[in-house]
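Working notes, structure below.
Read-outs throughout are calculated quantities, based only on the coordinates presented, and are distinct from any laboratory measurement. What you are looking at is a predicted structure, and each value in this text was computed from that prediction instead of being measured. All Cβ positions, even for glycine, are placed from backbone atoms using ideal geometry, and neighbour counts span all protein chains on display.
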Amino acid sequence: MKKRKALTTLTAVSLSIAMLALSACGTDTAPAATQTDQPKSTDTKATGQPATKKDPVTFTYFLNAPGDNVPEHTKLGDIITEKTGVTIKYERLVGEIEQKLGVMIAGGDYPDLIYGGDKMFKLVDAKALIPLEDLIEKHAPNLKKIYGPYWDRIKAADGHIYALPYAAPTGKPNKWVNAAFWVQKQVLKEAGYPKITTFDQYTALLRDYAKKHPKIDGADTIPFEILTYDWRNFTLTTAMQFLAGGPNDSRAMVNPETNQLTFYQTDENITKKYYSKLNDMYNEGMIDKEAFVMNYDQYLAKLSSGRVLGMFDQSWQFQDATAALKQQGKLDQMYAPLQLTFDESIKGDYLDTPMMNYGFGFGISVTCKDPVRAIQFADFMASDEMQILKNWGVKDQDYKVDDKGRFYRTQEQRDFFKVKENSKNWSGEVLYFWPGSAGTLPDGNNYDPGFQPEEIAAGYTETDKAILKSYGAMTYEDLFNPPNLKRKYFPIWSIELSDKAKVFDQKLNDINKKYPPQMVVAKSKADFDKSWNDYVGAVNKLDVAGWMDELTTKVKERQEKWK
């Protein structure tokens with residue numbers, strides 16, 4: 001399943017900003033890193049504070065993350081430059097990433113630092129990145145402390161580390177709702193806050209509300225929405241794993257007690273059951289007729305209109321719609337997450353086990369002008385001092401500390417960060433793209449304001465408070481079962497695949513774009529069954545057994561070797 005990073009800093013997205021994690025593919029030989037042997041500048045103290053003020057240097061940093069251009073000067077950027085002598089010139093993605101990386105690789109002309117997102121493996125295959133482990137051992141004590149417990153997890157198949165995920169679990173781990181079945185808060189409110197634990201109860205709730213309110217703000221009510229545009233069709237093709245009691249693993253489900261895998265994509269009691277329920281809903285008029293022809297922007301526009309009652313999605317994917325609803329003052333038309341299963345005998349497993357997006361993250365290119373200075377700067381950014389700065393800001397200006405040592409923001413400070421232009425000028429909205437921690441500081445405060453309990457509570461509306469009070473919870477995370485810590489391998493989608501397995505993945509992608517929508521819109525159960533049988537036949541022509549064998553082996557390795 002596609003996902004942004006599992007642990008976020010700038011937004012409580014899940015986070016994580018999230019994309020499909022394709023771990024760095026191994027290569028037989030690692031690129032030479034001769035520049036790392038002789039530092040061009042003094043080392044960094046263990047605290048991360050530069051030993052001395054160093055000569056000014058500018059590093060270029062490419063981000064596979066579309067967004068606004070980063071201002072030349074920002075409040076935090078200028079502070080960081082003053083402390084280190086380092087200026088970062090960011091370049092955000094414009095256009096297609098495949099084309100951008102293709103030009104880089106063909107010309108061998110790379111920026112100093114690179115975040116390739118889910119395409120990091122292409123840079124590793126092209127020998128565009130240098131191994132980081134020796135640099136970290138010699139010059140980056142903060143990075144070693146943070147990533148040391150996960151050293152083996154972040155290595156590529158050739159044994160080298162080419163990318164540092166942005167946030168390693170530290171202290172008390174964060175909990176956040178990422179994948180869920182979502183419902184408008186006003187739907188729960190009007191129904192008297194009923195206990196909703198199964199998909200059938202959920203659809204009945206949506207149906208009843210839509211009958212009472214066929215139109216919202218003058219437009220037709222959409223009881224249930226589905227996004228299938230491009231790679232985002234996972235909202236259709238993987239939702240059923242959660243209803244069957246699985247976590248955010250994508251196309252196979254793992255029994256962590258036995259390490260056995262189940263390929264549920266052709267399972268009649270899981271996938272066929274879900275598609276059949278959607279087919280009933282579609283023919284009843286509960287599913288948007290444009291669900292299978294609209295693009296991502298149109299999906300967000302519909303959610304932002306306030307007339308969509310529910311959907312299955314991951315929180316990071318519709319955060320722009322959430323922000324738009326909030327800006328319009330449609331607070332009750334924002335969404336609350338539900339942990340649903342097929343029936344009450346199944347235990348939900350929605351919350352992600354603390355993990356990292358293996359293969360994602362910060363990398364140093366083979367053409368970097370000074371790898372030692374670069375890793376020292378990254379190490380400085382990973383110090384607690386700098387993580388507090390880049391996440392919370394300047395004490396008393398951007399946040400305050402109470403008499404118990406707890407970090408918090410005043411409402412005026414919170415309102416400041418709600419304005420995009422303010423946030424852009426404050427940090428450039430790119431400080432997330434540096435290695436660091438996720439969880440709690442030694443003093444118990446959270447590295448990320450979005451996970452600080454005081455800040456979570458401050459962000460709740462009166463409707464939120466009423467919902468949570470009715471269900472006996474303090475936060476929405478409390479409505480979900482805790483993550484299953486026995487899933488040390490988690491998640492499957494982060495496992496580095498062979499070329500053969502990647503081909504299987506791509507072919508299954510193509511099949512899932514074709515047949516599941518046909519099943520949902522089928523006019524009769526006979527038509528539905530025909531599409532299902534065609535789907536199963538197409539999938540079974542692939543090497544399912546080979547793909548499953550490879551994943552089973554790698555899941556077992558992780559379960560046995562990872563602490």
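Step through the residues of the range 295-311 one at a time and calculate ³J(HN,Hα) from phi using the Karplus curve (6.51 cos²θ - 1.76 cosθ + 1.60, θ = phi - 60°), rounding each to whole Hz and writing x for Gly and Pro.
Calculated HN-Hα couplings, in order: 9, 5, 4, 5, 4, 4, 5, 5, 5, 5, 6, x, 9, 8, 7, x, 6 Hz.
Check T60: other-chain or 5+ apart residues with amide H under 5 Å from its amide H, H built from backbone geometry?
Amide H neighbours of T60: K89, D112, L113.
Is the shape of the range 321-438 rounded, prolate or oblate, going by the alpha carbon gyration tensor and its root eigenvalues a ≥ b ≥ c, with a/c under 1.5 for rounded and a/b larger than b/c for prolate?
Oblate, since a/c reaches 1.5 and b/c is not below a/b.
Do you know the relative contact order of the range 260-398, to the nearest whole percent, from alpha carbon pairs under 8 angstrom that are 6+ apart?
This gives 9 percent for the range 260-398.
How would you rank M294, M355, going from fewest to most other Cβ atoms within 10 Å of each one's own Cβ?
Least to most surrounded, the residues fall as M294, M355.
Near the amide H of T170, under 5 Å away, which other amide H atoms are found, from residues 5 or more places off or on another chain, if H is placed in the peptide plane?
The answer is A438, G439, T440.
If amide hydrogens are placed 1.01 Å from N in the peptide plane, which non-local residues have theirs closer than 5 Å to the one on N446?
Long-range HN contacts for N446: L441.
Could you give me the ³J(HN,Hα) list for the range 171-180, computed from phi with Karplus coefficients 6.51, -1.76, 1.60 and θ = phi - 60°, whole Hz, x at Gly and Pro?
Karplus values, whole Hz, x for Gly and Pro: x, 7, x, 6, 10, 8, 8, 10, 7, 5.
For a protection proxy built on the mean count of beta-carbon atoms within 10 angstrom, sort 164-176, 54-66 highest first, please.
164-176, 54-66
Could you sort 258-267, 537-546 so that the peptide with the highest average Cβ count within 10 Å comes first and the rest follow in order?
Listed from highest to lowest mean packing, they are 258-267, 537-546.
Can you pull the one-decimal nm distance between simple spin-label points at E385 and Q298, each 7 Å off the Cα toward Cβ?
Label-label distance for E385 and Q298, simple model: 5.4 nm.
Only helical DSSP H runs with n ≥ 4 go in: add -39500 (n - 2.57) per run for the chain, normalise by residue count and round the 222 nm mean residue ellipticity to 500 deg cm²/dmol.
Only helices count here, giving -11000 deg cm²/dmol.
Could you tell me whether the range 257-327 comes out rounded, prolate or oblate from its Cα gyration tensor? Rule is a ≥ b ≥ c as square roots of the eigenvalues, rounded for a/c under 1.5, then prolate if a/b exceeds b/c, otherwise oblate.
Since a/c reaches 1.5 but b/c is at least a/b, the shape of the range 257-327 is classed as oblate.
Can you say what percent of the DSSP beta bridges in the chain, counting only those with both residues inside, are antiparallel? Round to 5.
The answer is about 55 percent antiparallel.
Please give every one of the lysines within straight-line cross-link reach of K404, meaning a C-alpha to C-alpha distance under 24 Å, and leave out same-chain neighbours fewer than 8 residues apart.
Within the straight-line cut-off, K404 pairs with K172, K175, K390, K395.
When only C-alpha pairs under 8 Å and at least 6 residues apart count, what is the relative contact order of the range 157-266, in percent?
Answer for the range 157-266 is 12 percent.
Arrange the following residues from fewest to most other Cβ atoms within 10 Å of their Cβ: D208, D443.
Ordered from fewest to most neighbouring Cβ atoms within 10 Å, D208, D443 come out as D443, D208.
Determine ³J(HN,Hα), in whole Hz, for all residues of the range 371-380 in sequence, where each value follows from phi through the Karplus function 6.51 cos²θ - 1.76 cosθ + 1.60 and θ = phi - 60°; x replaces Gly and Pro.
Values per residue, Gly and Pro as x: x, 5, 4, 5, 6, 5, 5, 4, 5, 4 Hz.
Count neighbours as other Cβ atoms within 10 Å of each site's Cβ, and list the trypsin sites (Lys or Arg not before Pro) in the range 295-390 that are DSSP loop with at most 11 such neighbours.
Here the trypsin sites (Lys or Arg not before Pro) that fit, given the DSSP loop and packing criteria, are K347.
Relative contact order for the chain using alpha-carbon pairs under 8 Å, separation at least 6, rounded to a whole percent?
Across the chain, relative contact order equals 25 percent.
Could the peptides 401-414, 235-248 be put in order, highest first, of the mean number of other beta-carbon atoms found within 10 Å of their residues?
235-248, 401-414
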